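Okay, so here's the structure we're looking at.
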Amino acid sequence: MSRFGFSVTEIQIFLLVFIRIAAMMAVLPIFGDKSVPSLLRLGLSFFLAVIIYPVVPKSIPVPQGLPEFVFQLAQTLFVGFFIGFFGIIFFGAIQLAGEIAGFQMGFAIVSVLDPMSQVQMSIIAQFQSYLAILLFLLLNGHLMLIQGIAESFRYIPLLGAGWNGHMAQILIQMTGQMFVVAVKISAPIFVTLLLTNVGLGIMARTLQQMNVFIVGFPLQIGLGLATMAISIPLFFYVFEKYYNQFSIDWFRMIRLF
């Protein structure tokens, strides 16, 4: 039986390809941003599915029963979400670094809604997230993500994808690296404001007639913003190293699935 020149099996395979790509697009950085219209995201997913579909094996045993096929759709959704989850970890390091810096500067109470993760974050974390997105696009990160989507169909079976124990190790490694990168990015601001607080504490003990709190708040904000501006080249350097390592780990995880 065929529909519009395609067999039912071919339509089912195309639907599985489309579902996996759409699931990855829903959570990957840049593409999964809530500011991106859902219709545009679905259109891009459909376009990629049309391109990738010809290289997908057509001899796979697609379930003919509806319950079995629905189960395979759910499994395909899980694979797509899991692969895209690693992109969330990548930008999570940048947001965590901004939260650490914003907390030290006293901006923790000044929170805005991040359109990508739909969570409240400090204004410093929001600024660094936008800066990271610009660098990510400058480094062709969006092309790397699309390449990863195509590579997933080469190494991960469309049906019957399994869990490899090495993937848990990579996930733990990337999560730990997220905290290391966050500390590296926020280190200049953190150290500067820590020394500033030590100095203000000494002044509070020696000059008891001076209200240190009134002086400390604007001083911390000013020094924090100045340090952040001076340390932007360091941010670029750490981000590029982190991006290169992320691309290696991401493709290695796909090949181990």
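The values are calculated or read from the model by the stated rules, or taken from the named source; none is laboratory data. Here the structure is a predicted model, which means the values were calculated and not measured. Reconstructed Cβ throughout: ideal geometry from the backbone, glycine too, with neighbour counts over all protein chains shown. In case anyone asks, the SASA skips ligands and DNA or RNA and just uses the protein heavy atoms, side chains included. Shrake-Rupley method; radii C 1.70, N 1.55, O 1.52, S 1.80 Å.
Inspect region 108-126 for any residue being out of contact with any Leu (no Cβ under 9 Å at 6 or more places or on another chain), modelled with pLDDT of 85 or more and either closer than 29 Å to Glu240 by Cβ or of a type outside the set (Lys, Arg) (or both) and give the result as yes or no.
no
Got at least one residue in region 231-246 being assigned to a loop (DSSP other than H, G, I, E, B), surrounded by 12 or more Cβ atoms within 10 Å (Cβ to Cβ) and modelled with pLDDT of 80 or more?
Yes, some residue in region 231-246 is assigned to a loop (DSSP other than H, G, I, E, B), surrounded by 12 or more Cβ atoms within 10 Å (Cβ to Cβ) and modelled with pLDDT of 80 or more.
Among the residues that make up region 11-23, is at least one of them modelled with pLDDT of 85 or more, closer than 23 Å to Met253 by Cα and open to solvent by 30 Å² or more (accessible area, probe 1.4 Å)?
The answer is yes, given that some residue of region 11-23 is modelled with pLDDT of 85 or more, closer than 23 Å to Met253 by Cα and open to solvent by 30 Å² or more (accessible area, probe 1.4 Å).
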